[in-house]
Amino acid sequence: MTVSIQTPTPNPFTRILSVGAYSPSRIVDNAEICSRIDSSDEWILERSGIRERRYAAEDESVIDMAVKAAKIAIERAEIDPTELGLILLASCTYPYLTPSAAVQIAVQIGAGGIPATDISSACAGFCYGVGLASDTIRSGNAKYALVIGAEKLTDWFEEGDRSIAFLFGDGAGAVVIGASTVSGIGPTVWGSDGTQTQALGIAPSFIDQRKDPINNVPMLYMQGQTVFRWAVTEMARVAKEAIDAAGLTVDQLDAFIPHQANNRITDALVRALKIPDSVHVSRDIVTSGNTSAASIPLALSRIKAEASVPSGGIALIIGFGAGLAYAAQVVTLP
Ligand code: UT7
């Protein structure tokens, strides 16, 4: 006898309902960075666009920051946390392999018991999360989903490491995604290049550390120029594909929110995509630094806070980084 397996009733569309963000209170300017490394305010500004970044307190964790951002997003979405059907945390700096941070975040935001897991796609993680959450809701498997990007990068590099100490900061951002009667999240254009794991990551492994605890402490490493070249050459194509997949053209965008990796990468993408001057281009990196998976929701939150683009405006979001991995979507702003 043929059986028919029941599936949930799909939702045609999804959209981002709200955004929340949390930045730690400690501001670290370029002068402070230059007190620890051989560099200058001019060099850091010119090479990255960064003036200052935020550092979490020693006892402030990825979970603490994620919970603060998530609570704001949930309140703004005007839903009860128990209505969430999925919680995704994008983070590459949560310092435990298991259990996931997301299950603990769920409890702290009043959503204990709800499906929750972590995504390890570094700077692409938030857009991976948006794609997975949106598709889960469209399939009918959840009504609302919470996607968080939260990072405490300062745990993973030496303050005296000249190659990266000026670049990274800490913070968290979150969005609530829900079913919608109109299309608010376009197709995800995503992918990876696992031949370039040496370009960016955290190494050596915890197993290596057990063999030599002093010399094998896992730390962030980055071949800056390799990542830079890949981003400026490959990500314009990915961004264009995401705009095409949404059935739009560049001049229909209201905002461009790339991962805040480096202002020169953003400039190169703006040039390659021929983004018109009328489009708001996120430059949150100037005061937040590069916060990996948190950078896009932090930039999104700034757009809302400063009312740079009205609610309902069309934005391109694109995340890229360690893997190498990338993901992009066109979305309407909450
Ligand atoms: O978010 C995840 C993805 N990450 C990224 O997308 C980051 C991509 N990479 C970058 O953003 C850039 O590679 C950096 C901002 C990290 C570095 O900029 P760069 O223009 O690639 O610098 P570089 O490593 O090529 O170094 C250029 C020069 C060198 O001097 P010489 O050999 O030309 O005399 C370095 O020694 O700048 C020197 N330099 C510094 N000078 C002052 C390197 N680091 C510093 C420093 N301060 N901190």
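The values are calculated or read from the model by the stated rules, or taken from the named source; none is laboratory data. Everything quoted here is computed from the prediction, not taken from an experiment. Glycine also receives a Cβ, built like all others from the backbone with ideal geometry; neighbour counts cover every protein chain displayed. Please note that ligands, DNA and RNA were not included when accessible areas were found on the heavy atoms of the full protein model with its side chains. Shrake-Rupley method; radii C 1.70, N 1.55, O 1.52, S 1.80 Å.
Checking the conditions here, which among THR226, THR291, THR249 is surrounded by fewer than 17 Cβ atoms within 10 Å (Cβ to Cβ), of a type in the set (Ser, Thr, Tyr) and within 16 Å of the ligand (Cβ to nearest atom)? Steps first, please.
On the way: THR291 fails: surrounded by fewer than 17 Cβ atoms within 10 Å (Cβ to Cβ); THR249 fails: within 16 Å of the ligand (Cβ to nearest atom).
That would be THR226, the only listed residue that is surrounded by fewer than 17 Cβ atoms within 10 Å (Cβ to Cβ), of a type in the set (Ser, Thr, Tyr) and within 16 Å of the ligand (Cβ to nearest atom).
Pairs please, first residue from region 154-170 and open to solvent by less than 20 Å² (accessible area, probe 1.4 Å), second anywhere and within 8 Å of the ligand (Cβ to nearest atom) and of a type in the set (Asp, Glu), Cβ atoms under 7 Å, 6+ apart in sequence or on different chains.
none
Pairs needed: first member in region 223-249, free of Cβ contacts under 8 Å to residues at least 24 places away in the same chain; second member anywhere, within 16 Å of the ligand (Cβ to nearest atom) and of a type outside the set (Ser, Thr, Tyr); C-beta distance under 9 Å; at least 6 residues apart or different chains.
THR233/ALA268; THR233/ALA272; ARG237/ALA272
What are the residues in region 279-293 that are under 25 Å from GLY312 (Cβ atoms), in a loop (DSSP other than H, G, I, E, B) and not hydroxyl-bearing (Ser, Thr, Tyr), if any?
VAL279, ARG283, ASP284 - these are the residues of region 279-293 that are under 25 Å from GLY312 (Cβ atoms), in a loop (DSSP other than H, G, I, E, B) and not hydroxyl-bearing (Ser, Thr, Tyr).
Per-residue answers, yes or no, for (1) small (Gly, Ala, Ser); (2) not in a helix (DSSP H, G or I):
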| residue | (1), (2) |
| --- | --- |
| ALA73 | yes, no |
| LEU88 | no, yes |
| PRO99 | no, yes |
| VAL103 | no, no |
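Looking at this structure, is LEU324 buried (at least 17 other Cβ atoms within 10 Å of the Cβ), outside the structural domain of TYR128 (by TED's automatic domain parsing) and away from the ligand (no atom under 11 Å from the Cβ)?
Numbers: buried (at least 17 other Cβ atoms within 10 Å of the Cβ): yes; outside the structural domain of TYR128 (by TED's automatic domain parsing): yes; away from the ligand (no atom under 11 Å from the Cβ): no.
Criteria not met by LEU324.
Residue by residue, here is whether (1) out of contact with any helix residue (DSSP H, G or I) (no Cβ under 7 Å at 6 or more places or on another chain); (2) part of a helix (DSSP H, G or I); (3) more than 18 Å from ILE303 (Cα to Cα); (4) modelled with pLDDT under 95 holds:
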{"site": "ARG229", "(1), (2), (3), (4)": "yes, yes, yes, no"}
{"site": "ALA236", "(1), (2), (3), (4)": "no, yes, yes, no"}
{"site": "ALA239", "(1), (2), (3), (4)": "no, yes, yes, no"}
{"site": "ILE243", "(1), (2), (3), (4)": "no, yes, yes, no"}
{"site": "GLN260", "(1), (2), (3), (4)": "no, no, no, no"}
{"site": "THR266", "(1), (2), (3), (4)": "yes, yes, no, no"}
{"site": "LEU269", "(1), (2), (3), (4)": "no, yes, yes, no"}
{"site": "ASP277", "(1), (2), (3), (4)": "yes, no, no, no"}
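Residues GLY131, GLY140: which one is part of a helix (DSSP H, G or I), more than 16 Å from the ligand (Cβ to nearest atom), among the small types (Gly, Ala, Ser) and not assigned by TED's automatic domain parsing to the domain that holds SER295? I'd like the intermediate steps shown before the answer.
Values: GLY140 fails: part of a helix (DSSP H, G or I).
Among GLY131, GLY140, only GLY131 is part of a helix (DSSP H, G or I), more than 16 Å from the ligand (Cβ to nearest atom), among the small types (Gly, Ala, Ser) and not assigned by TED's automatic domain parsing to the domain that holds SER295.
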